[in-house]
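Here is the structure we will look at, set down as structure tokens.
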Amino acid sequence: MEPIDKDTNKVKLVVAGAGLSGLMLAWKCLSSNSQVSVTIIDSKSVIGGDHTWSFNISDVNPSLHKWLNPFIEHTWEKYDVKFNGSSRRLNIPYCSGNSNSLRACVEPFIKSGRLKLILDTKVIKMTSSEVIICNGKKITGDYIFDARGFTFDKSIKLGFQKFYGITIETKKPHGLKYPIIMDATVPQYDGYRFIYCLPFSQNKILIEDTYYSDGNNFHEGEYNKRINEYIETKNWIEHKVIRVEKGILPIALSVDIKLIEKLEAKHNEPIKIGMRGNFYHPVTGYSLPEAVRLAVKVSAFINETNKNNSLEISSKIRKYKLHTYKRDKFFRLLNRLLFRAAVSSKRHFVLERFYTLSENLIKRFYSGNIYKKDMLRILIGKPPVPVHKALYYFSERAFMAREHSKRD
């Protein structure tokens, strides 16, 4: 490992993965501390990929709005949800950024030399102090972060959110003023299905076909066909396709916290962030708010911690991660009710009932910080799933034990 320059007291971060979490981390740390430099390694030739990330503005602490603003490409004052039994317009500001706006946020640091990129390069091995890349070269740093995307973990049982989206430019104005973040009036397939629409301009709109599904099988042709059927019903037939976006997001049904604590306690491991570290909303799959929160925490930890004490930083992030697992226990219960207790063809009733609740509760839900009274409000009333099945999946520990026994 290279010696530390004690005179300048500079801090070097090395990040494997140039996606949302890696770039958000770099942006925040570089913005907050002039002594920080970052090296990002990625197997692709372009940082940031080709993605869209959306969120309620209330998901992010107001003190961070000014800093985050350059990332936000579009903002809407309201959004709609649609079900066969009800529709609603929510007065919750909704925001969207994308890969281009994220790249623009870090570009000044690339030009200044504080952010160094090593692209088209595969990572062979990572430790808490170095990254070994495909040519055998070792990249060293004071803090090493693994942001290479989600990987399966035996400590977590999952459902999946699959999406296939196209951005189109219509010949005539499409007539949609506000986003539709959930249009469940469409025919139901493969679990719970809905269409997600973001109107970027009068003629430009993103349309995503989304599924809350038990399996991660991906049928691109079928999804594209169903989007085209949706476009026909909206009379947006005359259009051209600008881009395609697709992916599979994890939806956590249960976690084995004891096993996680055991796995996370390993020394000489890089610090896992983003989807790699399971930092995402358990129900919605939204990753932007968690990426921002973690970037802020890491930046603060670095500023507060004695230089080069990577073990202390790793310990703090591990504690924060365990805190989020415990905080999100109720969300995972809802996922078990949705994926296991509810009949596949009737999963939409769970979400339809949720969106009849108060706007403040919905905002707290999306931000990941709900009260006990919110939990009761979500569960009471006519249950959208059979009571006996709900009780069977109520205990996370019992559910996880049953899942482990299946594998054994």
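For every residue, the table says whether it meets (1) among the small types (Gly, Ala, Ser); (2) modelled with pLDDT of 95 or more; (3) open to solvent by 30 Å² or more (accessible area, probe 1.4 Å); (4) under 26 Å from Leu249 (Cα atoms).
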{"position": "Ala16", "(1), (2), (3), (4)": "yes, yes, no, yes"}
{"position": "Thr75", "(1), (2), (3), (4)": "no, yes, yes, yes"}
{"position": "Leu90", "(1), (2), (3), (4)": "no, yes, no, yes"}
{"position": "Ser101", "(1), (2), (3), (4)": "yes, yes, no, yes"}
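Counting just the residues of segment 162-187 that are open to solvent by 10 Å² or more (accessible area, probe 1.4 Å) and touching a Pro at 6+ places or on another chain (Cβ under 8 Å), which one comes out nearest to Cys95 (Cα to Cα)?
The selected residue is Tyr178.
For residues that are open to solvent by 30 Å² or more (accessible area, probe 1.4 Å) and under 24 Å from the mean Cα position of the chain (by Cα), scanning just segment 329-343, find the one that is nearest to Gly159 (Cα to Cα). Outline the logic, then answer.
Here is the first cut: in segment 329-343, the ones open to solvent by 30 Å² or more (accessible area, probe 1.4 Å) are 329, 340, 343.
Retained after the next criterion (residues that are under 24 Å from the mean Cα position of the chain (by Cα)): 329, 340.
On the way: Lys329: 15, Arg340: 9 Å.
Within segment 329-343, the match that is nearest to Gly159 (Cα to Cα) is Arg340.
Could you tell me whether Leu361 is more than 22 Å from Val255 (Cα to Cα), modelled with pLDDT of 90 or more and assigned to a helix (DSSP H, G or I)? Before the answer, list the steps.
On the way: more than 22 Å from Val255 (Cα to Cα): yes; modelled with pLDDT of 90 or more: yes; assigned to a helix (DSSP H, G or I): yes.
Considered against the rule, which asks whether it is more than 22 Å from Val255 (Cα to Cα), modelled with pLDDT of 90 or more and assigned to a helix (DSSP H, G or I), Leu361 comes out as yes.
Mind checking which residues of segment 350-404 are of a type in the set (Ser, Thr, Tyr) and under 26 Å from the mean Cα position of the chain (by Cα)? Let's see the steps before the verdict.
Quick first cut of segment 350-404, residues of a type in the set (Ser, Thr, Tyr) only: 355-356, 358, 366-367, 371, 392-393, 395.
Within segment 350-404, Tyr355, Thr356, Ser358, Tyr366, Ser367, Tyr371, Tyr393, Ser395 meet the criteria.
Determine whether segment 120-143 contains at least one residue that is over 29 Å from Met182 (Cα atoms), in a helix (DSSP H, G or I), more than 19 Å from the chain's Cα centre (by Cα) and not polar (S, T, N, Q). Show your work before the answer.
From segment 120-143, those over 29 Å from Met182 (Cα atoms) are 120-143; that's our starting set.
Retained after the next criterion (residues that are in a helix (DSSP H, G or I)): none.
Within segment 120-143, not a single residue is over 29 Å from Met182 (Cα atoms), in a helix (DSSP H, G or I), more than 19 Å from the chain's Cα centre (by Cα) and not polar (S, T, N, Q).
Would you mind telling me which numbered condition in (1) closer than 30 Å to Arg340 by Cα; (2) open to solvent by less than 20 Å² (accessible area, probe 1.4 Å) Phe152 fails?
Result: Phe152 fails condition (2) only.
Would it be correct to say that Ser86 is touching a residue at least 12 places away in the same chain (Cβ under 8 Å) and surrounded by fewer than 19 Cβ atoms within 10 Å (Cβ to Cβ)?
Numbers: touching a residue at least 12 places away in the same chain (Cβ under 8 Å): yes; surrounded by fewer than 19 Cβ atoms within 10 Å (Cβ to Cβ): yes.
When the stated conditions are applied, Ser86 passes them.
Answer yes or no as to whether Asn98 is free of Cβ contacts under 8 Å to residues at least 60 places away in the same chain, more than 23 Å from Ile207 (Cβ to Cβ) and not aromatic (Phe, Trp, Tyr).
Numbers: free of Cβ contacts under 8 Å to residues at least 60 places away in the same chain: yes; more than 23 Å from Ile207 (Cβ to Cβ): no; not aromatic (Phe, Trp, Tyr): yes.
Against the criterion (free of Cβ contacts under 8 Å to residues at least 60 places away in the same chain, more than 23 Å from Ile207 (Cβ to Cβ) and not aromatic (Phe, Trp, Tyr)), Asn98 does not qualify.
What number goes with the only condition from (1) open to solvent by less than 30 Å² (accessible area, probe 1.4 Å); (2) among the acidic types (Asp, Glu); (3) under 19 Å from the mean Cα position of the chain (by Cα) that Asp80 does not pass?
(3)
Name the single residue that is surrounded by the most Cβ atoms within 10 Å (Cβ to Cβ) among those in segment 364-380 being of a type in the set (Phe, Trp, Tyr) and assigned to a helix (DSSP H, G or I).
Step one: list which residues in segment 364-380 are of a type in the set (Phe, Trp, Tyr), which gives 365-366, 371.
Narrowing the set further to residues that are assigned to a helix (DSSP H, G or I) leaves 365-366.
Working: Phe365: 22, Tyr366: 19.
Checked segment 364-380; the qualifying residue surrounded by the most Cβ atoms within 10 Å (Cβ to Cβ) is Phe365.
Restricting to segment 23-38, what's the tally of residues that are farther than 19 Å from Leu294 by Cβ and touching a strand residue (DSSP E or B) at 6+ places or on another chain (Cβ under 7 Å)? Lay out the reasoning, then the answer.
Going residue by residue through segment 23-38, those that are farther than 19 Å from Leu294 by Cβ are 34-35, 37.
Add one more test, that the residue is touching a strand residue (DSSP E or B) at 6+ places or on another chain (Cβ under 7 Å), and what stays is 35, 37.
The number of residues fulfilling the criteria is 2.
Name, by its number, the condition in (1) out of contact with any Lys or Arg (no Cβ under 9 Å at 6 or more places or on another chain); (2) without any contact (Cβ under 8 Å) to a residue 60 or more places away in the chain; (3) among the charged types (D, E, K, R) that does not hold for Lys329.
(2)
Name the pairs: first residue in segment 387-408 and closer than 13 Å to Val255 by Cβ, second residue hydroxyl-bearing (Ser, Thr, Tyr), Cβ to Cβ under 8 Å, at least 6 apart or on different chains?
Listed by first residue and then by second, the contacts come to Glu396/Ser254; Phe399/Ser254; Phe399/Tyr393; Met400/Ser254; Glu403/Ser254.
Of all residues being of a type in the set (A, V, I, L, M, F, W, C) and closer than 25 Å to Lys346 by Cβ in segment 199-226, which is most open to solvent (accessible area, probe 1.4 Å)? Just the residue, please. Show your work before the answer.
First, the residues of segment 199-226 that are of a type in the set (A, V, I, L, M, F, W, C): 200, 205-207, 218.
Now restrict to residues that are closer than 25 Å to Lys346 by Cβ: 207, 218.
Numbers: Ile207: 0, Phe218: 65 Å².
Result: Phe218.
The values are calculated or read from the model by the stated rules, or taken from the named source; none is laboratory data. Since the structure is predicted, the reported quantities are computational estimates derived from the model, not experimental observations. In this analysis, Cβ positions are derived from the backbone assuming ideal geometry, glycine residues included, and neighbour counts consider all displayed protein chains. Heavy atoms of the whole protein, side chains included, go into the accessibility calculation; ligands, DNA and RNA do not. Shrake-Rupley method; radii C 1.70, N 1.55, O 1.52, S 1.80 Å.
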